[in-house]
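Participant: Once you've had a glance at the structure underneath, I'll fire off some questions.
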């Protein structure tokens, strides 16, 4: 299976958002990654529902929504109505994670869980068989353009071992400071999905970068 690529519109040009979305639609990207921030769990605020509705209308790619927010379960219906494919919540914000995962699946979306750089993989042992994907943050969430945290490669390898040991079929996604070099190492360690931010949208020919990532 080729590497899945999920470009993050956090790095898009919001003055020409429709043009960037059309580029993604024409590209070999598999999903569209949307980082939603609330200014509480992370320092920044990103997209509200008026913008998300516009993005959902224009995107021809499945929506991979990463919720960096507290109480994500309050918005399950809204994301369901947007037609979201993957609803991804942070382990650190969900004290009743199994319940939230169940609610997401009952709403017809694929549940996923994210862990911060300082959160151990071992804490996911009791949830990995209930989710469709685990997102490993390779930077601290809240800002684009950060430097890749080197221990993330070993973390992906550890997560792959956990999935194999538990029989989980969850995909492994990685987000933060990923480029062709770090992406190749992550795929070798067991990653299935790479989130592409600045490496795509700041490139002279973004579609060619996406094509290269697909072949890692």
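Participant: Could you count how many residues in region 1-12 are surrounded by 11 or more Cβ atoms within 10 Å (Cβ to Cβ) and either at positive phi or in a loop (DSSP other than H, G, I, E, B) (or both)?
Facilitator: Residues that pass the stated criteria total 3.
Participant: Before we move on, is residue 53 assigned to a loop (DSSP other than H, G, I, E, B) and either at pLDDT below 95 or on the phi < 0 side of the Ramachandran plot (or both)?
Facilitator: Numbers: assigned to a loop (DSSP other than H, G, I, E, B): no; either at pLDDT below 95 or on the phi < 0 side of the Ramachandran plot (or both): yes.
Considered against the rule, which asks whether it is assigned to a loop (DSSP other than H, G, I, E, B) and either at pLDDT below 95 or on the phi < 0 side of the Ramachandran plot (or both), residue 53 comes out as no.
Participant: Do we find a residue being assigned to a loop (DSSP other than H, G, I, E, B) and modelled with pLDDT under 95 anywhere in region 13-23?
Facilitator: Within region 13-23, one or more residues are assigned to a loop (DSSP other than H, G, I, E, B) and modelled with pLDDT under 95.
Participant: Could you look through region 176-204, keep only residues that are modelled with pLDDT of 95 or more and not in a helix (DSSP H, G or I), and pick out the one that is nearest to the chain's Cα centre (by Cα)?
Facilitator: Per the criteria, the residue is 195.
Every residue, every condition in (1) over 27 Å from residue 131 (Cβ atoms); (2) surrounded by 14 or more Cβ atoms within 10 Å (Cβ to Cβ); (3) over 12 Å from the mean Cα position of the chain (by Cα), yes or no:
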residue: 26; (1), (2), (3): yes, no, yes
residue: 39; (1), (2), (3): no, no, yes
residue: 50; (1), (2), (3): yes, no, yes
residue: 56; (1), (2), (3): no, yes, yes
residue: 64; (1), (2), (3): no, yes, no
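Participant: Next up: Does residue 23 qualify as being in contact with a strand residue (DSSP E or B) (Cβ under 8 Å, 6 or more places away or on another chain) and touching a residue at least 40 places away in the same chain (Cβ under 8 Å)?
Facilitator: no
Participant: Out of 110, 160, 205, 185, report the one residue that is in contact with a strand residue (DSSP E or B) (Cβ under 8 Å, 6 or more places away or on another chain) and over 16 Å from residue 64 (Cβ atoms).
Facilitator: Exactly one of 110, 160, 205, 185 is in contact with a strand residue (DSSP E or B) (Cβ under 8 Å, 6 or more places away or on another chain) and over 16 Å from residue 64 (Cβ atoms), namely 160.
The values are calculated or read from the model by the stated rules, or taken from the named source; none is laboratory data. Values in this document were obtained by computation on a predicted structure and should not be read as measured data. Cβ coordinates were reconstructed from backbone atoms using ideal geometry, including for glycine residues, and neighbour counts include every protein chain displayed.
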